[in-house]
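Q: This is the structure I want to talk about, given as structure tokens.
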């Protein structure tokens, strides 16, 4: 019984290496080519996305800085209105 | 193994030389495919993993630092890709289980695991090798990796340790546990005639 187990455990000793189908290398090259094409296609989109993001950030900064001015103006108008209703 | 040549080929691949990839493929295709086949026990899956490995080598050749031998690096990629493939299959099976909760679904049918015949096994050992691969598949992942690298790929213990990034002692312990587990599991596989002896 123990010998049988040892025979099983060592049954791949001296075995030949299995070889892949001859077409596998062609498929590897095809995959590399597809990936490279995808990379080329992706690059302008990444640049466009970065430009859009930069534009959005700039627009937000501009809007926030302008809003501050508006709110300051609003507050002074409000103060004047309050002053007009002052009871003496 | 000509380590200097392998390093040169990797350097050329990192520069985009396709002929270097073809040469490296010629040298390592058997090693990669055989390891993947032993791990996955399916020729189609092993071919898929072989493709993944060489695409990874092509893309990552520039990141090869040369700390280990190129063959060690390639073995490591192969094992990782084979594990990724198995994880993907497991996820598919889990999805299949969820689908099987709904009656009338195709996924509800039980899956029969095919018996694997390694094409490289010597004719007189075919039957034993078939049993071996059935029990190898029942081992925990680390033990399975160590056993395949040592007993199927015939690597020296130190090489197995380098591929698995473990100490020599850890690999020896893994192999001991793997063999003990395999012996226990073989009890269920022994032929009736031997069982009665």
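The values are calculated or read from the model by the stated rules, or taken from the named source; none is laboratory data. Not measured: the values here are computed from a predicted model. Neighbour counts are summed over all protein chains in view; Cβ atoms, including those assigned to glycine, are modelled from backbone coordinates with ideal geometry.
Q: For the list (1) at pLDDT 90 or above; (2) facing chain B (nearest Cβ under 8 Å); (3) part of a helix (DSSP H, G or I), I need the number of the one condition that residue A:58 fails.
A: (2)
Q: When residue B:120 is evaluated against the numbered criteria (1) more than 12 Å from chain A (Cβ to nearest Cβ); (2) surrounded by 15 or more Cβ atoms within 10 Å (Cβ to Cβ); (3) part of a loop (DSSP other than H, G, I, E, B), which criterion, by number, is the only one it fails?
A: (1)
Q: Looking only at the stretch A:24-35, decide whether some residue is within 7 Å of chain B (Cβ to nearest Cβ), surrounded by 10 or more Cβ atoms within 10 Å (Cβ to Cβ) and not in a helix (DSSP H, G or I).
A: Taking every residue of the stretch A:24-35 in turn, none turns out to be within 7 Å of chain B (Cβ to nearest Cβ), surrounded by 10 or more Cβ atoms within 10 Å (Cβ to Cβ) and not in a helix (DSSP H, G or I).
Q: Looking only at residues in the stretch B:2-26 that are under 20 Å from residue B:163 (Cα atoms) and within 12 Å of another protein chain (Cβ to nearest Cβ), which one is surrounded by the most Cβ atoms within 10 Å (Cβ to Cβ)?
A: Going through the qualifying residues, I end up with B:24.
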